[in-house]
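For reference, the structure discussed in these notes is given below.
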Amino acid sequence: MSNEREPIAVIGTGYVGLVTAVGFAELGNEVWCVDIDAEKIRALEQGRVPIYEPGLAESVAAHRERLHFTTELAPALERARLLFVAVGTPPTYSGDADLSAVHAVIAAIPASDRHAIVMKSTVPVGTGAAIRRELEHTGKGGVAYVSCPEFLKEGAALEDFRHPDRVVVGDDGDWAGEAVVKLYAPLGAPLVRTDIPSAEMIKLASNAFLATKISFINEIANVCEETGANVIEVARGMGLDRRIGEHFLRPGIGFGGSCFPKDVSALKQLAGNSGYHFQLLTAVIEVNELQKRRVIAKLQKHLGSLVGRRVALLGLAFKAETDDMREASSLVLSARLQGEGALVSAYDPVAADVAGPLMPGVTMAGSVLEAVRDADAVVLVTEWPEFAEVDWGAMASVVRGRLVVDGRNFLDGAVLAAAGFQYEGIGR
């Protein structure tokens, strides 16, 4: 199979880049993975995967003969014509995307009429046109350009690559777009072949819509708390409407991660730069920030002042099955709790090493029982499966208080009540 599929290059070996590289290696492509981080490349060459993603380390090992890791661009340029760009585009203080890493890659690519840039990084609408101008200006007009946004969910990224719900290819109708379409053809996903600006907008609009859906159900949850309705039942009833659907109707303490906060802000900023005030996204962002802080109010409702109180956080990563701490709710919660005078302990089965340096003053525990020892309240932040298996009877013997705030509506309130705990969910 590998003889039938052309080699490719992936520039950037973060979540998107490494999963993309491994996914194509599974399909039989030779993949040259390029990154300026020599330590990361050295780790990958030794079989050590620097990020946590279910199945990723195993797949890297299984397809090691087709994965080539290097800090040099030249070997990749020599062997591959499709150059997938998967570098970070974090938000700046203004809210715009920082495209410095993207422009560094463009600057490093030499003039050529056989290479194509395939943009996987999330970029503002208009970036493709700007890069085309930059290529023309620097004598590299022969380099083709394709927008191929990624839709990988952390914690299920490999499965999302293997079974995508769509593949979006934005191009100028040239050989490069055809080559990318052919590359993804074995996956059998619906294809959206479109122009470059529309492909760029599909990514931002998709994430902004999903974030809006989360903020909406969180607002409904807050109203349910005031009216006595149960948001779980409300969401179930709403989700059966095919126009709405059940996905992303799970209330909680707000969304985080590397995509939703960044992409919502980026689309809002893009609209503002174009002269349009995107009022809905302003509200989505505000609701999300306030939702994280409502946990503090729940704790104060039951405990009064938090000064000197010990609060245990269960889960730190922004979602289960990842060690990603970008925009994690636990960062806001731990800071606000300490600001209110509370003592904070925490446990996460995967993300503790990443979280520790980001959460000064928080005591990192090696187990659930260690984290909750002498705690006045427990807050579930991330819905790791192991938290569903907790022996709450054993927990009752080590905690000082009996309040549990379930920030993901993940636990069984009846089980906790039977163990003598006071359960407080979201919208229930």
Taking A221 as the residue in question, decide whether it is within 26 Å of Y52 (Cβ to Cβ), part of a helix (DSSP H, G or I) and not assigned by TED's automatic domain parsing to the domain that holds R132.
-> no
Residue among R64, R81 that is without any contact (Cβ under 8 Å) to a residue 40 or more places away in the chain and among the charged types (D, E, K, R) | R64
Tally of residues being buried (at least 20 other Cβ atoms within 10 Å of the Cβ) and either aliphatic (A, V, I, L, M) or in a helix (DSSP H, G or I) (or both) across the stretch 67-98 | 9
Taking the stretch 205-215 and keeping residues touching a residue at least 60 places away in the same chain (Cβ under 8 Å), surrounded by fewer than 24 Cβ atoms within 10 Å (Cβ to Cβ) and either outside the structural domain of R250 (by TED's automatic domain parsing) or of a type in the set (A, V, I, L, M, F, W, C) (or both) leaves A205, A208, I214
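Okay, residues lined up against (1) touching a residue at least 12 places away in the same chain (Cβ under 8 Å); (2) closer than 16 Å to V404 by Cβ; (3) crowded, with 21+ Cβ neighbours inside 10 Å:
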{"residue": "G308", "(1), (2), (3)": "yes, no, no"}
{"residue": "V311", "(1), (2), (3)": "yes, yes, yes"}
{"residue": "L314", "(1), (2), (3)": "yes, yes, yes"}
{"residue": "F318", "(1), (2), (3)": "yes, no, yes"}
{"residue": "R336", "(1), (2), (3)": "yes, no, no"}
{"residue": "V344", "(1), (2), (3)": "yes, yes, yes"}
{"residue": "A355", "(1), (2), (3)": "yes, no, yes"}
{"residue": "M359", "(1), (2), (3)": "yes, no, yes"}
{"residue": "G366", "(1), (2), (3)": "yes, no, no"}
Residue check: is C224 in contact with a helix residue (DSSP H, G or I) (Cβ under 6 Å, 6 or more places away or on another chain), closer than 24 Å to A297 by Cβ and not acidic (D, E)?
-> yes
What's the number of the condition G308 fails, among (1) under 26 Å from L358 (Cβ atoms); (2) in a helix (DSSP H, G or I); (3) touching a strand residue (DSSP E or B) at 6+ places or on another chain (Cβ under 9 Å)?
-> (2)
Could you count how many residues in the stretch 325-365 are in a loop (DSSP other than H, G, I, E, B) and under 25 Å from the mean Cα position of the chain (by Cα)?
-> 12
Taking the condition over 16 Å from the mean Cα position of the chain (by Cα), assigned to a loop (DSSP other than H, G, I, E, B) and at pLDDT 95 or above, does R242 pass?
-> yes
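For every residue, the table says whether it meets (1) surrounded by fewer than 17 Cβ atoms within 10 Å (Cβ to Cβ); (2) assigned by TED's automatic domain parsing to the domain that holds A229; (3) in a helix (DSSP H, G or I); (4) touching a helix residue (DSSP H, G or I) at 6+ places or on another chain (Cβ under 7 Å).
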site	(1), (2), (3), (4)
P251	no, yes, no, yes
F255	no, yes, no, yes
P261	no, yes, yes, no
L267	no, yes, yes, yes
G272	yes, yes, yes, no
Y276	yes, yes, no, no
T282	yes, yes, yes, yes
N288	no, yes, yes, yes
Taking first residues from the stretch 245-272 that are among the acidic types (D, E) and second residues anywhere that are assigned to a helix (DSSP H, G or I), the pairs with Cβ under 7 Å that are 6 or more apart or on different chains are E246/G239; D263/L204; D263/N207; D263/A208
Residues that are surrounded by 13 or more Cβ atoms within 10 Å (Cβ to Cβ) and either in contact with a Pro (Cβ under 7 Å, 6 or more places away or on another chain) or not polar (S, T, N, Q) (or both), drawn from the stretch 51-66 | I51, Y52, E53, P54, G55, L56, A57, V60, A62, H63, R64, R66
Filter the stretch 366-393 down to the residues that are small (G, A, S) and not in a loop (DSSP other than H, G, I, E, B), then identify the one that is farthest from R310 (Cα to Cα).
-> A388
Any chance the stretch 151-162 includes a residue that's in the same structural domain as V16 (by TED's automatic domain parsing) and farther than 24 Å from F260 by Cα?
-> no
Restricting the search to the stretch 245-276, which residues are more than 22 Å from D406 (Cα to Cα) and at pLDDT 95 or above?
-> G245
Pairing a residue in the stretch 117-129 that is of a type in the set (G, A, S) with any residue that is in a strand (DSSP E or B), where Cβ atoms lie under 8 Å and the two sit 6 or more apart in sequence or on different chains, gives S121/V85; G128/M119; G128/Y145; G128/S147; G128/G170
Qualifying positions in the stretch 17-43 - in a helix (DSSP H, G or I) and of a type in the set (A, V, I, L, M) = L18, V19, A21, V22, A25, L27, A38, I41, A43
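How many of the residues making up the stretch 162-177 are part of a loop (DSSP other than H, G, I, E, B) and closer than 16 Å to P149 by Cβ?
4
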Those residues of the stretch 185-233 which are more than 17 Å from P124 (Cα to Cα) and among the charged types (D, E, K, R) amount to R193, K213, E219, E225, E226, E233
Taking the condition at pLDDT 95 or above and part of a helix (DSSP H, G or I), does A211 pass?
-> yes
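The values are calculated or read from the model by the stated rules, or taken from the named source; none is laboratory data. None of the values given here were measured: they were computed from a predicted structure. Note that each Cβ is placed from the backbone with ideal geometry, even for glycine, and that neighbours are counted across all protein chains shown.
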